[in-house]
Amino acid sequence: MSDDTADGGSVPATNAGYDEWLDAVADGEGYALVCPDGHGSLPPRRVCPECGSTELSREPLAATGTVETQSVVHVPSPRFAEDAPYVTAIADFGPVRVTGVVRGIDPEPDAIEAGDELEASVGTRETDGERIVVFRPTDEA
Amino acid sequence: MTDVRVAGVGLTRFGNHPERTGRDLFATAALRAFEDAGVPREDVEELNYGNFMGALAEHQGHQAPLMAEAAGVRCPATRYESACASAGVAVREAVRTVRAGDADVVLAGGMERMTNLPTAEVTEGLAIAADDLFEVREGVTFPGAYALMANAYFDAYGGEREDLAHIASKNHANAVPNEYAQFRSEVSVEEAMDAPPVAEPLHLYDACPITDGASALVIVSEEYAADHDVDAPVAVTGVGQGTDRLALADREHVARTPAADDAAETAYAAAGVEPADVDVAEVHDCFTIAEVLAIESLGIAPRGEGITAARDGRTTADGDVPVNLSGGLKAKGHPVGATGGSQIAELTRLLRGDHPNSEHVADAEVGVAHNAGGTVASAVVHVLEVAE
């Protein structure tokens with residue numbers, strides 16, 4: 001589905017599997033690849049990284065994710081120069097954990113904490129307009 | 001199996017050398033290692049060279065042949081890349097090659113040139129050690145990743161910023177007499193606490209600096225040392241390497257480093273030593289929290305108790321097991337592709353008794369070096385012992 005991502009020419013190269021996954025997250029239909037033993041992983045993937053099974057099927061991400069850890073980043077890479085300070089977080093969405101930028105909160109150390117609930121969507125970086133995974137608190141989303 | 005000795009070690013001064021080429025830095029370290037070893041360059045049978053971001057910093061790929069000619073050796077030469085563990089894996093392969101009897105003399109080490117790039121580009125360059133699709137694109141920087149680990153640690157086991165500040169203060173104090181260190185000035189706990197944030201909860205003094213530098217080791221077989229009257233009192237008795245999922249989000253626990261657990265277990269078993277036997281350690285403190293995770297993986301501190309080890313004086317210069325007497329990555333500096341070799345160079349000197357901090361470990365017989373790549377998706381552990 002890489003053809004669908006060429007909006008405005010902002011995506012110079014495609015990453016099959018990943019782009020499709022990001023499209024799905026943007027549509028509220030994010031998924032994980034899950035093996036028969038229930039190990040989840042993110043695409044592209046041909047082998048379960050936990051057990052080696054090649055029988056991978058799509059399962060939806062949980063509607064909300066639970067924050068496992070977070071950080072307010074003050075010193076960004078060039079791609080996030082205009083985005084800093086921003087909050088990055090790892091959240092548990094059931095079969096997998098997902099990493100994203102938290103929007104809809106002040107970038108302060110105690111703005112979110114482990115255990116808080118977030119929804120996943122796709123937004124863009126302020127700096128260059130590239131698509132990224134964005135989390136929002138469930139009461140804001 | 002052949003026993004393996006460290007015949008000689010060489011380092012450049014770590015720090016800001018923006019004008020110095022990588023080839024010049026590595027040549028300097030290599031020539032110092034040969035001089036220290038008293039081994040002729042023509043006896044070298046392999047070069048194992050570590051480097052991470054040379055393609056970005058110097059627009060230079062295929063660095064191993066370049067470094068072989070810079071060091072004045074003519075032999076099979078290979079570059080190893082495992083992010084910040086590049087030199088650690090290069091040295092491990094040197095030890096395995098000598099132990100297997102495939103060579104008697106191997107030159108191993110690494111180089112990184114970093115300060116010729118703007119800081120933002122270095123930040124981007126280091127970040128590529130993480131998962132590009134699922135971490136770097138989502139804003140995970142190198143400090144940001146360790147900040148995620150630090151907050152996860154605090155949640156799981158307790159601890160606070162001030163505990164980390166004690167680690168920074170300890171390592172800066174250790175670097176003061178080290179002529180190879182980038183920062184040879186003390187930093188108080190208060191100064192560390194007051195420094196600006198990089199990625200909460202990590203502030204400026206929780207982070208290692210950006211560093212140029214090189215390391216080189218002459219690794220030889222015990223038989224070669226005996227036959228050639230080479231004084232090589234320190235042996236590498238155990239090596240281990242571990243691998244974990246690349247992305248932090250995919251780890252079993254964000255505040256643990258099982259790759260280092262595995263590397264330590266393998267290295268200790270090979271050496272026939274227990275964590276309780278360790279007298280001194282050089283660990284990969286790219287950020288203060290990384291030292292906590294390292295000493296827990298090495299068994300120097302129980303799980304959840306590494307956070308207070310520096311504050312309680314257990315890992316300070318006069319503590320039970322001094323950690324990072326060189327100053328660590330934190331104060332000595334972190335030329336990423338050279339670091340794993342430099343840790344073994346420092347540990348060798350500490351055990352030989354010719355390091356400016358050797359007085360703190362005068363009776364030490366067992367040392368351990370812990371080198372990590374990225375957020376410890378790669379880890380290498382070496383056990384060094386005084387053999388004679």
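All of the numbers you see were taken from the coordinates with simple rules; none came from a lab. Just so you know, these numbers come straight off a predicted model, no measurement behind them. Note that each Cβ is placed from the backbone with ideal geometry, even for glycine, and that neighbours are counted across all protein chains shown.
Hey, what number do you get for chain B at 222 nm if only DSSP H runs of n ≥ 4 count, each worth -39500 (n - 2.57), divided across all residues, to the nearest 500?
-10500 deg cm²/dmol
Amide H of B:Ser82: which non-local residues (sequence gap of 5 or more, or other chain) have their own amide H closer than 5 Å, using H built in the peptide plane?
For B:Ser82, the qualifying residues are B:Asn51.
Tell me whether chain A comes out rounded, prolate or oblate; compute the Cα gyration tensor, take square roots of the eigenvalues as a ≥ b ≥ c, and use a/c under 1.5 as the rounded threshold.
Judged from the Cα gyration tensor, chain A comes out oblate (a/c at least 1.5, b/c at or above a/b).
HN-Hα J couplings of region A:59-64 from phi, Karplus 6.51/-1.76/1.60, θ = phi - 60°, integer Hz, Gly and Pro as x?
Residue by residue, region A:59-64 yields 10, x, 5, 4, 4, 10 Hz.
Calculate the dipole size of the protein assembly as shown relative to its Cα centre from +1 charges on Lys and Arg beta carbons and -1 charges on Asp and Glu beta carbons; express the result in debye to the nearest 20. Before the final figure, lay out each step's value.
Details: 35 positive and 91 negative charges, 221 e Å.
Dipole magnitude for the protein assembly as shown comes out near 1060 debye.
How far is the Cα center of region B:314-332 from the Cα center of region B:82-109, in Å?
Region B:314-332 and region B:82-109 have Cα centres spaced 25 Å from each other.
Non-local amide H neighbours of B:Ser378 (under 5 Å, H modeled in plane, Pro and chain starts lacking H): which ones?
Long-range HN contacts for B:Ser378: B:Asp244, B:Gly373.
Taking neighbour Cβ counts within 10 Å as the exposure measure, how do A:Cys35, B:Cys208, B:Cys84 sort from fewest upward?
Lowest count first: A:Cys35, B:Cys208, B:Cys84.
What distance in nm separates the simple spin-label points at B:Glu265 and B:Arg13, each placed 7 Å from Cα in the Cβ direction?
Spacing of the two 7 Å Cα→Cβ label points: 4.4 nm.
Could you please rank B:Leu56, B:Leu11, A:Leu33, placing first whichever residue has the fewest other Cβ atoms within 10 Å of its Cβ?
Ordered from fewest to most neighbouring Cβ atoms within 10 Å, B:Leu56, B:Leu11, A:Leu33 come out as B:Leu56, A:Leu33, B:Leu11.
Per-residue HN-Hα couplings for region B:192-207, Karplus 6.51 cos²θ - 1.76 cosθ + 1.60 at θ = phi - 60°, whole Hz, x for Gly and Pro?
The phi angles translate into 5, 5, 8, 5, x, x, 9, 8, 4, x, 8, 10, 3, 7, 7, 10 Hz.
Considering every residue in A:75-88, what mean count of other chain Cβ atoms within 10 Å of its Cβ is obtained?
Mean shielding by partner chains, rounded to a whole number: 6.
Just going by the charge dipole of region A:39-141, with Lys and Arg at +1 and Asp and Glu at -1 on Cβ, which of A:Gly40, A:Val133, A:Ile90 is farthest out on the positive end?
After comparing all options, I get A:Gly40.
Which is farthest toward the positive dipole end of chain B among B:Gly54, B:Ser82, B:Ala301, measuring Cα position about the Cα centre, with Cβ charges +1 (Lys, Arg) and -1 (Asp, Glu)?
Towards the positive end, the residue furthest out is B:Gly54.
Along the charge dipole of region B:108-250, pointing to its positive end and built from +1/-1 on Cβ of Lys, Arg, Asp and Glu, which listed residue (B:Leu204, B:Ala181, B:Val239) has its Cα farthest out?
Result: B:Leu204, furthest along the dipole toward the positive end.
Can you give the FRET efficiency for B:Glu179 and A:Ala81, using 1/(1 + (r/R0)^6), R0 = 30 Å, r = Cβ-Cβ distance, to the nearest 0.05?
0.20
Just how large is the dipole of region A:13-60 about the Cα centre, in debye to the nearest 20, putting +1 at every Lys and Arg Cβ and -1 at every Asp and Glu Cβ?
The calculated dipole for region A:13-60 is roughly 180 debye.
Roughly speaking, what is the centre-to-centre gap between region B:150-205 and region B:271-294 when only Cα atoms are used, to the nearest Å?
Result: 17 Å between the Cα centres.
Any chance you could run the full-extension gain for B:Glu252 through B:Glu35? It's 0.36 nm times the residue separation minus the Cα-Cα distance, nm to one decimal.
Length gained between B:Glu252 and B:Glu35: 73.6 nm.
Rounded if a/c is under 1.5, else prolate if a/b is larger than b/c, else oblate: which is region B:202-276, with a ≥ b ≥ c the root eigenvalues of its Cα gyration tensor?
Judged from the Cα gyration tensor, region B:202-276 comes out oblate (a/c at least 1.5, b/c at or above a/b).
Determine the relative contact order of region A:13-60: mean sequence separation of Cα pairs under 8 Å and six or more apart, normalised by residue count, in whole percent.
Here the relative contact order equals 33 percent.
Calculate how steeply helix B:142-157 sits against the longest principal axis of the alpha-carbon atoms of chain B, using the helix alpha-carbon long axis, and give the answer as 0 to 90 degrees to the nearest 10.
Around 60 degrees separate the two axes.
Over the alpha-carbon set of the protein assembly as shown, work out the extent along each principal axis and list the three values in angstrom, largest first.
72, 47, 47
Could you calculate the contour length gain from B:Thr2 to B:Glu42, that is, 0.36 nm times the residue separation minus the distance between their Cα atoms, to one decimal place in nm?
Values: separation 40, 0.36 × 40 = 14.40 nm, distance 2.13 nm.
Full-extension gain reported as 12.3 nm.
Can you list residues from other chains, or at least 5 along the same chain, whose modelled amide H is less than 5 Å from the amide H of B:Ala338?
B:Met111, B:Glu112
Suppose every K and R has +1 on its Cβ and every D and E has -1 on its Cβ; what is the size of the dipole of chain B about the Cα centre, in Debye to the nearest 20?
Roughly 780 debye, rounded to the nearest 20.
Pull out the extension gain between B:Glu191 and B:Glu365, defined as 0.36 nm times the separation in residues minus the alpha carbon to alpha carbon distance; nm, one decimal.
Extra length available between B:Glu191 and B:Glu365 comes to 59.1 nm.
Compute the relative contact order of region B:257-308 as a whole-number percentage, counting only Cα pairs closer than 8 Å that sit 6 or more residues apart in sequence.
So the answer I get is 37 percent.
For a footprinting-style exposure proxy, rank A:Leu22, B:Leu202 by other Cβ within 10 Å, fewest first.
A:Leu22, B:Leu202
Report relative contact order for chain B in percent, whole number only (criteria: Cα-Cα under 8 Å, sequence separation at least 6).
Rounded, it is 26 percent for chain B.
Checking the a/c ratio against 1.5 first, then a/b against b/c, what shape does the Cα gyration tensor give for region A:13-60?
Working: a/c = 3.35, a/b = 1.60, b/c = 2.10.
Because a/c hits 1.5 or more and a/b fails to exceed b/c, region A:13-60 counts as oblate.
Apply the Karplus curve 6.51 cos²θ - 1.76 cosθ + 1.60, θ = phi - 60°, to the phi angles in region B:341-346 and return the couplings in whole Hz, x for Gly and Pro.
With coefficients 6.51, -1.76 and 1.60, one gets x, 5, 4, 6, 5, 5 Hz.
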